[in-house]
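Working notes, beginning with the structure itself.
All of the numbers you see were taken from the coordinates with simple rules; none came from a lab. No experiment lies behind these values; they were computed from the predicted model shown. For neighbour counting, all protein chains shown are included, and Cβ atoms are generated from backbone atoms with ideal geometry for every residue, glycine included.
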């Protein structure tokens, strides 16, 4: 920021010097040596060392772009086999049966469940993480802030494998009780209806575990944005007689809206791509249904993890195509998310 | 906040200094009273009216009842606006407390389940001579594999990540914005996609076999964005004056970065690396298709299938035999401990890094 300012100032003064020089010619040129008053070319001449250094840094910086392009390219190249075999059927067919003749590969049902479990996970995680972020920024006693922040970070550092084990063995029995109760007493909601009273490995159980896994990332992004609320506006609201909750709702939440949306989308991206925890818990199903409490759900990432070991060449190519779909999906979601977050940070006129 | 007018009505202003505490006995009694009432109501509902639905259901229903009762009593006692304000306070507190619940139960559950299998054999023996029903044997092959794979991944991703961070924050090149966006996007790449990519390139296209190196390549793709982002943030904390000072003294840009900026940010940079390692240690999905896993010790990461702790746990937990499951839980415990230790190191170093400048 500051350095930009200086650079601009120097540039504009340089421009003035040049203008004077070219304008009136050399009328006020009184020196004997005509070489001396030539404006020095302000060329950036780097030493050899620096040229190597900058080139290396540029190469490092561009490596990210190259890796991403490579991932897309290779997944696409490897999935060409299945596209030539089943064509657009890949995006319209429901069944995934490598052993049928001819083999059938359709991603629709799997994609459906992937999106459903991610959205439910987000629906659970978003209010929780906004409240937690508010707590961290506004409500908590100052002494609790540091430790709590560390705990949120720790929650993000726990491997997804551990989440999966815990979800399957510890959380699921508890959730099954809730699911049964919901299906008994709240079945007027179509979402909570079940055909068979089996509740393990359902979209609901998977979503709750996913929600816990994306909570830290959403919380930390919302917290970051909330922290940038201009204190003057907060104080103004309080000084006008607002209660704390009134201030939160009229100043902080509107200010952080972009961050909340973007953070949630980043969380959604994480949920879409989560693999092992989901693969451990779910029981695969290829039926599209709104019954989220019932056994049977699916996700692209866990499909790849579970089917990889038994894949022949064609179904491997189908898995690559599934991976490509997932890659494009998460990349799109993430791009939109980081765009929204970045805009909400800079658009508010606060230089982060 | 809200009781100003009340207190002034009761006592003369300036008579006794107003207590600056936000909490008064009324607030507490409202809260405690609602809680007790809610729990007893739920208990009645549970025992008398509907069939029981387990502890979680009890907890949920009593929480909802508590919230309703609390808001109602607060409305009667303090008015609508204050009741609403208090409800928000309670909601944020409970969200934060709820966050602790999974953390504590995860740690406790893994410790309880895994502790029984923790002995010296677990660290010194592998499973090549152990049948599925036998006790004994251990995860030495997995531990060696994890160490090697993570080490190689660090060797690849740390230079790349630091270079990218330097590019973003020191060189400030033309592609700064797209690179930053792509690093962000890369941090969201599903781990399984990274594994598939390495499988497609390293194993199919280049014709290599499953190996620890392939796993390390996949892991470094996953570590790269974590390291880059954290390192960039740390570099941003280095005051510009130090850079300008170094350049004014005639240092080249490389010397400025290497001799001035990086040493200043050293502990923060190590935090970045440790966080990246913590992310890579627990990754399972990409290893399925890169290092594949094995029961025997393979100390050569360049050739042949290699085991690692996450794979060890993932493979054995699916096994119906108790001895194998026990090993899986112990493996999970070791994994969690490694992550905890790494995380603590990162926190301590990070605290030192930010403490220096304040």
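Structure summary
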| read-out | value |
| --- | --- |
| Burial ordering of B:254, A:88, B:43, fewest other beta-carbon atoms within 10 Å first | A:88, B:43, B:254 |
| Pairwise label distance in nanometres, residue B:104 with residue A:287, each label 7 Å out on the Cα-Cβ vector | 4.0 |
| Cα long-axis angle, helix B:176-187 against chain B (0 to 90 degrees, to the nearest 10) | 80 |
| Where a label projected 7 Å from the Cα of residue A:80 along Cα→Cβ would reach, residues of the range B:193-209 with amide N under 19 Å | B:197-207 |
| Whole-number D in µm² s⁻¹ for the range A:96-346, Kirkwood Cα-pair radius fed into Stokes-Einstein, 37 °C, 0.692 mPa s | 167 |
| Number of partner chain Cβ atoms within 10 Å, mean per residue of B:161-174 | 5 |
| Euclidean distance between Cα centres, the range A:221-288 to the range A:50-102, Å | 32 |
| Number of partner chain Cβ atoms within 10 Å, mean per residue of B:98-110 | 6 |
| Fewest-first sequence of B:41, B:226, A:114, A:297 by Cβ atoms within 10 Å of each Cβ | B:41, B:226, A:114, A:297 |
| Max mean-square fluctuation residue, GNM over chain B, Cα-Cα springs under 10 Å, options B:25, B:143, B:348 | B:25 |
| Label-point gap, in nm, between residue B:64 and residue A:339 - each point 7 angstrom along Cα→Cβ | 3.9 |
| Computed [θ] at 222 nm, deg cm²/dmol, chain A (DSSP H ≥ 4; -39,500 (n - 2.57); rounded to nearest 500) | -22000 deg cm²/dmol |
| Proxy reagent accessibility, fewest Cβ within 10 Å first, across B:256, B:56, B:228, A:92 | A:92, B:56, B:256, B:228 |
| Computed FRET value (nearest 0.05) for residue A:52 with residue B:205, which takes r as the C-beta separation and R₀ as 30 Å | 0.45 |
| Semi-axis lengths, Å, chain B, gyration tensor of Cα atoms, sqrt of 5 times eigenvalues | 48, 36, 17 |
| Calculated FRET efficiency for the pair residue A:170/residue B:77, C-beta based, R₀ 60 Å, to 0.05 | 0.90 |
| Average projected area [Cα convex hull, the range B:207-293], square nanometres | 7.1 |
| In degrees, nearest ten, helix B:80-115 long axis to first principal axis of chain B (Cα) | 40 |
| Kirkwood Rh and Cα Rg combined as Rg/Rh, the range A:211-352 | 1.15 |
| Estimated inter-spin distance, residue A:238 and residue A:92, nm [label 7 Å along Cα→Cβ] | 6.2 |
| Degrees, to the nearest 10: A:108-134 long Cα axis against longest axis of chain A | 60 |
| Calculated FRET efficiency for the pair residue B:248/residue A:311, C-beta based, R₀ 56 Å, to 0.05 | 0.35 |
| Whole-number percent relative contact order across chain B, with pairs defined as alpha carbons under 8 Å at least 6 apart | 20 |
| Choice from A:227, A:49, A:104 with maximal GNM fluctuation in chain A (Cα, 10 Å cutoff) | A:49 |
| 37 °C / 0.692 mPa s Stokes-Einstein diffusion coefficient of the protein assembly as shown, Kirkwood radius on C-alpha pairs, µm²/s | 115 |
| Separation of alpha-carbon centers, the range B:230-279 and the range B:143-173, rounded to whole Å | 15 |
| Residue-averaged beta-carbon neighbours from other chains (10 angstrom radius) around A:132-139 | 5 |
